[in-house]
1. How many nm is it between the label spots at HIS16 and GLU43, if each spot is 7 Å from the Cα in line with the beta carbon?
2. How far apart, in nm, are two points set 7 Å out from the Cα along the Cα-to-Cβ line at ASP80 and at ALA93?
3. Please give the FRET efficiency for ASP35 paired with THR5, using the beta carbon to beta carbon distance and R0 = 22 Å, rounded to the nearest 0.05.
4. Could you provide, to the nearest whole Å², the per residue accessible area of the range 15-58 with probe 1.4 Å?
5. Fully extended, how many nm does the chain gain between ARG24 and LEU63 (0.36 nm per residue separation, minus their Cα-Cα distance)?
Amino acid sequence: MSKSTPVDLALGILDHQLVDAEGRNCGKVDELELDGLDRGTPEVTEIVVGGNAWRTRGLLGRLAARLAGDAVHVPWSEVDSLSSEVELERAAAALTLGSGADRCAKMVAKLPGGA
């Protein structure tokens, strides 16, 4: 995302769906990494998705974080556009996103009527 535009981080980005360059849903924005807070010029540097990013979301979040493992950090430079979704410039696999959904899809496919 090349242009600098003011955005309300809580309403405009957090918990929004991430969509890769192929139109695939690949998670939600769980946290944002910021730089420059100490200098008074905050800037988003990374989107944090899944895993231990949930650790601050109460008891269930801490449990889910332990089970899910490490979060995926997506550089902000990979964001193509913002709307009701956060659209990424590359495919989910190139950013190591969506692997949990792939595992779940394989399990669901094995269930009766799941294919």
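1. 1.9 nm
2. It is 1.7 nm.
3. Working: r = 18 Å, r/R0 = 0.80.
The formula returns an efficiency of 0.80 here.
4. On the way: 2470 Å² over 44 residues.
Each residue of the range 15-58 exposes 56 Å² on average to a 1.4 Å probe.
5. Working: separation 39, 0.36 × 39 = 14.04 nm, distance 2.71 nm.
Length gained, ARG24 through LEU63: 11.3 nm.
The values are calculated or read from the model by the stated rules, or taken from the named source; none is laboratory data. Quick caveat, the model's predicted, so the values are computed rather than measured. Reconstructed Cβ throughout: ideal geometry from the backbone, glycine too, with neighbour counts over all protein chains shown. Please note that ligands, DNA and RNA were not included when accessible areas were found on the heavy atoms of the full protein model with its side chains. Shrake-Rupley method; radii C 1.70, N 1.55, O 1.52, S 1.80 Å.
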